[in-house]
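Data first, discussion second: the structure below is written as structure tokens.
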Amino acid sequence: VRTELEPIELEDGAAVPKEFANPTDDTFMVEDAVEAIGFGKFQWKLSVITGLAWASNYAMEMMILSILAPQLHCEWRLPSWQVALLTSVVFVGMMSSSTLWGNISDQYGRKTGLKISVLWTLYYGILSGFAPVYSWILVLRGLVGFGIGGVPQSVTLYAEFLPMKARAKCILLIEVFWAIGTVFEVLLAVLVMPTLGWRWLLILSALPLLLFAVLCFWLPESARYDVLSGNQEKAIATLKRIATENGAPMPLGKLIISRQEDRGKMRDLFTPHFRWTTLLLWFIWFSNAFSYYGLVLLTTEFFQAGDVCSISSRRKEVKAKCSLTCEYLTEEDYTDLLWTTLSEFPGVLVTLWIIDRIGRKKTMALSFFVFSFCSLLLFLCVGRNVLTVLLFIARAFISGGFQAAYVYTPEVYPTATRALGLGTCSGMARVGALITPFIAQVMLESSVYLTLVVYSGCCLLAAVASCFLPIETKGRGLQESSHREWGQEMVGRGSHSPGVTRSNSGSQE
């Protein structure tokens, strides 16, 4: 139900609702306050805390998978399918919980959802260190994955406190904490595994989550969420606290309450206004995870063979080999894990440089296209050095594309469904991560070229999907209510740019 509002006339003749008038009038919105207060001391603190969640609750727990699997394979004499299942069960847990955590964050608050997911991961992360048998650690790591599914909500909370000009750069720089977390986990494994073993590694890896759980008490609830749930006093107190910490003045006037009873409803993602966006984003996130984790698996196979042509032409020799034969990770293996992580940094830097220049949609499309092009170049019988360069470039861009999706998704959905939208997209990414081992490992044994065609074709389709997204969020504020045309929050402000003005019945672009 749309409420008819009294229109006012701007200098350029475009009519907008008075509710969305300039912040110098007698009313203002949360978006006005966030822009007026700007980026300061509060956002710096929030960046560190969000980065800690990203590094400890996401990067470290995911990096454990590549370290724990070969260790348990040797120690418990596990067959290869049980080792693979140990990795898959974490993704199953993440996939099954991502939408749930998004729903909780939209209905009960971003801070609430994030705290529960972190405490959940901390509890089962420590408990998995005491698993007596394989079946127990399988269940416990699945429950850890269930908790990790709530980590993307830290990006939702983070984005809602960032002014428009800093939002893309700050969310992209969170990827740096991912790299720091993986490096820290590998270094911790080097110190702990030879002496204390994998149980202590699991316990010590979960302890940084305890630090984040304590810091969560400092975190405020999102002012956008408080306004949407009708809690004006709490939202004002939060905004005043941010203004005080940043040493900036609050906007004059009264904060507008746009109360909306239904929050976090799946049907809101499929309204006529957002249906096409939701479906395209699901495929984009699926393709991102499918290609990213697939490339990680393919890299090991290619390096072991020397080049693509060697995999294609070699005959698999069947050797009489004991099924219990295994190899522990060596210092060289840990070094390779560190080097693999370094390809994330150029991807972030390139994405950081272009995302505010060419827009979110084109950045994602470019990342997918470069990945697809590098995949096709692997058809050539290149040497080891060229192979390394192509894989490095491909991973850098697919990693950057992932971060561009993390920027775009919270920006495109309104506050009422922002956490749920990000959660469902994250869930679709886990579906891609679940499927990719069967392509990168099983199909690779039959045809290396067919495998490369699957990844290249999927990313080409994702590049097209990125171009067809109905909404470009570059240079626009976060939408508060799903009952108004997208982007009206930015209409009528002194900061709006020519060509972005909309009428009261404005279109998406």
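The table below gives the values:
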| quantity | calculated |
| --- | --- |
| Any pair with Cβ under 6 angstrom, 6 or more apart, that starts in the stretch 221-248 at a residue that is outside the structural domain of Thr112 (by the TED database) and open to solvent by 10 Å² or more (accessible area, probe 1.4 Å) and ends at one that is assigned to a helix (DSSP H, G or I) and among the aromatic types (Phe, Trp, Tyr) | none |
| Flag if Ile398 is in contact (Cβ under 8 Å) with a residue 40 or more places away in the chain and surrounded by fewer than 24 Cβ atoms within 10 Å (Cβ to Cβ) | no |
| Test: Ser105 is modelled with pLDDT under 80, within 21 Å of Thr278 (Cα to Cα) and assigned by the TED database to the domain that holds Pro220 | no |
| Pairs where the first residue, in the stretch 81-101, is in contact (Cβ under 8 Å) with a residue 40 or more places away in the chain and the second is crowded, with 21+ Cβ neighbours inside 10 Å and aromatic (Phe, Trp, Tyr), C-beta under 8 Å, 6+ apart | Gly93/Phe146; Met94/Phe146; Ser96/Phe146; Ser97/Phe146 |
| Residue in the stretch 53-72 that is outside any helix (DSSP H, G or I), out of contact with any strand residue (DSSP E or B) (no Cβ under 7 Å at 6 or more places or on another chain) and either modelled with pLDDT of 85 or more or open to solvent by less than 10 Å² (accessible area, probe 1.4 Å) (or both) present | no |
| Unique residue being modelled with pLDDT of 85 or more and closer than 25 Å to Tyr406 by Cβ when the list is Leu269, Leu279 | Leu279 |
| Any hit, the stretch 127-136, residues being surrounded by 24 or more Cβ atoms within 10 Å (Cβ to Cβ) and aliphatic (A, V, I, L, M) | no |
| Residue match in the stretch 434-453 (condition: open to solvent by less than 10 Å² (accessible area, probe 1.4 Å) and under 15 Å from the mean Cα position of the chain (by Cα)) | no |
| Some residue of the stretch 300-307 being open to solvent by 40 Å² or more (accessible area, probe 1.4 Å) and at pLDDT 80 or above | no |
| Selection count where residues are surrounded by fewer than 18 Cβ atoms within 10 Å (Cβ to Cβ) and within 15 Å of the chain's Cα centre (by Cα), scope the stretch 150-175 | 2 |
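The values are calculated or read from the model by the stated rules, or taken from the named source; none is laboratory data. The shown structure was predicted, so the numbers you read here are calculated from the model rather than taken from an experiment. Here the Cβ is made from the backbone with ideal geometry for all residues, glycine too, and neighbour counts use every protein chain on show. These area figures cover heavy atoms from the full protein model, side chains too; ligands, DNA and RNA do not enter into them. Shrake-Rupley method; radii C 1.70, N 1.55, O 1.52, S 1.80 Å.
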